[in-house]
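Below is one structure, written out as structure tokens; the observations come after it.
The values are calculated or read from the model by the stated rules, or taken from the named source; none is laboratory data. This structure is a prediction, so every number in the text was calculated from the model and none was measured. Here the Cβ positions follow ideal geometry from the backbone for every residue, glycine too, while neighbour counts run over all protein chains shown.
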Amino acid sequence: MGGWQASGPGYPIALGFFQPSRKGDAMPEEMPEVLISEDEIHQKVEELARRISADYRDVDDLILVGVLKGSFIFLADLARHLTIPRSVDFMALSTYGDHTETDGAVRMIMDLRRNIAGQHVLIVEDIVDTGYTLAYLVRTLAARQPASLKTCVLVHKPDRREVYAQIDYLGFEIPDEWVVGCGLDWAEKYRTLPYIGVVKPEE
Ligand code: PRP
């Protein structure tokens with residue numbers, strides 16, 4: 001680890017055991033550089049909500065499935081801008097491996113509370129990186145025979161994609177940078193930033 005030390009609420013002790021969740025590099029100290037501004041995100045959420053509301057205008061209840069933790073902010077924003085009947089449910093997933101790279105092995109650690117058979121379902125994700133998580137979700141939920149199953153993703157990194165994953169509604173395509181904010185974290189930090197920023201690991 002480099003010079004970064006945890007302090008303040010949520011980080012009460014020194015970080016002898018604490019590692020960033022996906023990259024082993026030291027935590028940068030400066031605030032992340034803006035890649036997508038709060039205003040751009042707000043406009044995009046409104047646009048996506050308009051499209052989804054129009055596409056599902058005849059549906060009694062659209063179930064928004066959020067994937068913890070990353071999706072919670074995007075899902076909350078999107079859900080509040082929809083003008084159709086909707087409800088919310090969550091899943092939690094985990095990836096096997098050393099947490100430095102997604103190796104494709106995804107497992108469920110919390111399932112939906114609802115039975116989605118015969119229901120209209122929209123998976124809401126913060127990011128598609130390698131694509132393994134979304135591919136797993138679509139495969140898993142499709143097997144439960146919903147009336148329809150689509151996906152809505154805030155950001156997609158096409159340069160990192162390893163497997164096909166269905167994206168029906170997309171916010172932004174972004175370059176292969178480590179991004180944070182709007183639910184995206186760096187070792188649990190920066191998730192609640194209102195913009196999407198880039199962090200650079202200190203080598
Ligand atoms: C992130 C993100 C997606 C997944 C995408 O979750 O929220 O679910 O990675 O990566 P992939 O396309 O390579 O599969 P993460 O495992 O970081 O957990 P978190 O949502 O709790 O931050």
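Tabulated values for the structure
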| item | result |
| --- | --- |
| Number of positions in segment 165-199 that are within 14 Å of the ligand (Cβ to nearest atom), of a type in the set (Asp, Glu) and in contact (Cβ under 8 Å) with a residue 40 or more places away in the chain | 2 |
| Conditions (1) within 16 Å of the ligand (Cβ to nearest atom); (2) within 16 Å of Asp168 (Cα to Cα): number failed by Leu112 | (2) |
| Test: residue in segment 104-119 that is in contact (Cβ under 8 Å) with a residue 40 or more places away in the chain, under 14 Å from Val65 (Cβ atoms) and in a strand (DSSP E or B) | yes |
| Test for Val124: is it over 25 Å from Pro85 (Cβ atoms) and touching a residue at least 60 places away in the same chain (Cβ under 8 Å) | no |
| Test result for Asp77, of a type in the set (Asp, Glu), modelled with pLDDT of 95 or more, closer than 21 Å to Glu188 by Cα and within 16 Å of the ligand (Cβ to nearest atom) | yes |
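Residue-by-condition table, conditions (1) aromatic (Phe, Trp, Tyr); (2) at pLDDT 95 or above; (3) under 21 Å from Ala143 (Cα atoms):
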position: Leu62; (1), (2), (3): no, yes, yes
position: Gly66; (1), (2), (3): no, yes, yes
position: Leu82; (1), (2), (3): no, yes, no
position: Phe90; (1), (2), (3): yes, yes, yes
position: Thr100; (1), (2), (3): no, no, no
position: Asp103; (1), (2), (3): no, no, no
position: His120; (1), (2), (3): no, yes, yes
